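The values are calculated or read from the model by the stated rules, or taken from the named source; none is laboratory data. All figures in this text were calculated on a predicted structure; none of them were measured in a lab. Neighbour counts run over all protein chains shown; Cβ positions are idealised from the backbone, glycine included.
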Amino acid sequence: MRTVIVGAGGLGSVVGGYLAMAGYPVTLVGRPAHVRAIRESGLEILGLDGRHLVKKVQATDDARTVASADLLILCVKTYDSDEALKGTAHLSGRVRCALSLQNGVLKEKTLGVVFGPESVIGAVTMIGATLAGPGKVLYTAPGITYVGEFDGRETDRVSAVAEMFGKAGLRVRVAPDIRSAIWGKLITILPSASLSVLTRLEFHKVLSNRTLATLYVEIARECAQLAKAQGIPLHDFPGFEMKTICEAALQDAIAFVQDEGRTMAAAGMTDVKISMLQDIERGKRTEVEEIIGYVVREAARLQIPLPKIGLVYRLVKGISEAVLG
């Protein structure tokens, strides 16, 4: 499948790089300096499985130069979606399917506006990646990517995407209820991002500390109230076991989170930093409004009290604003 990745930062470059190494034709759409470095020297991926220099990958800083694609993957920051998709409007009707590996729960609706809802499949990933510099990315966490149709059918296009990821060495599963997986990621990333920004700690340290693990569970359980109010069932997916964290006995859930942190450390995943913390450290805009703010606003609309998330939102929003000056 010919694949175009819109938003080739850390995550997009890792996914695109591995697909290209597996022999799939890939075009990365990224920022000029990154694209220039890839064109001149190739894409360098450093991670848990060593160093890879990917030469057979196309790169451009202008999506309008892409004529067609079987698969479009959107990886830009959520707040950049509308602007990024303006450059892909000419591909409407020329894309077999489109999916988003972004955070949040509105991303598929955004894709549907451009390509039509019938062209969109659901997806969510726990892959960890960081853009280390032009042409260079760090692959920090080999998380699972979930794909699925919103009606639960295992279609040819979902199977084809899963096959691609699998052949590329990327962990992938077809989710029978992709809505639950997408909300599971939101319930996971909200406490993960919040506590990472507030503590400035590597992720495994956030999880393994008992005090922070307790807060993690409490924040996740508040967020789960919103999911349930919208009819989203919670399931356990490897990488975000939200049913266990939100419905098990409190002490068992806390112990589970701590064990996850220890497992990360034992696997050598000690450099993982949640993307929102990376943005803070780089003085960049964060997705606080698209992730935490969305939950706060939806909860207010439905009159669901979420006191801990409300406080966390104000703190993270304030830090994000202060960093930008």
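Laid out as a table, the results:
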read-out: Within the range 137-184, considering residues that are in a loop (DSSP other than H, G, I, E, B) and under 13 Å from the mean Cα position of the chain (by Cα), the one farthest from Gly9 (Cα to Cα); value: Ile144
read-out: Matching residues, the range 85-111, being of a type in the set (Gly, Ala, Ser) and at pLDDT below 95; value: Gly87, Ala89, Ser92, Gly93, Gly104
read-out: Members of the range 138-163 found to be among the hydrophobic types (A, V, I, L, M, F, W, C) and either in contact with a Lys or Arg (Cβ under 7 Å, 6 or more places away or on another chain) or surrounded by 23 or more Cβ atoms within 10 Å (Cβ to Cβ) (or both), listed by number; value: Ile144, Val147, Phe150, Val161
read-out: Residue that is modelled with the lowest pLDDT [pool: residues in the range 120-135 that are crowded, with 20+ Cβ neighbours inside 10 Å and more than 13 Å from the chain's Cα centre (by Cα)]; value: Leu131
read-out: Among residues of the range 5-41, those that are buried (at least 19 other Cβ atoms within 10 Å of the Cβ) and not in a helix (DSSP H, G or I), counted; value: 11
read-out: Complete set of residues in the range 236-258 that are acidic (Asp, Glu) and either part of a helix (DSSP H, G or I) or not assigned by TED's automatic domain parsing to the domain that holds Glu218 (or both); value: Glu247, Asp252
read-out: Test result for Thr199, assigned by TED's automatic domain parsing to the domain that holds Val54 and of a type in the set (Ser, Thr, Tyr); value: no
read-out: Failed condition for Phe256, given (1) surrounded by 13 or more Cβ atoms within 10 Å (Cβ to Cβ); (2) in contact with a helix residue (DSSP H, G or I) (Cβ under 8 Å, 6 or more places away or on another chain); (3) closer than 30 Å to Asp151 by Cβ; value: (3)
read-out: Test: Val76 is within 20 Å of the chain's Cα centre (by Cα), hydrophobic (A, V, I, L, M, F, W, C) and under 21 Å from Arg2 (Cβ atoms); value: yes
read-out: Subset of the range 42-67 (residues that are in a strand (DSSP E or B) and farther than 17 Å from Tyr139 by Cβ); value: Gln58, Ala59, Thr60
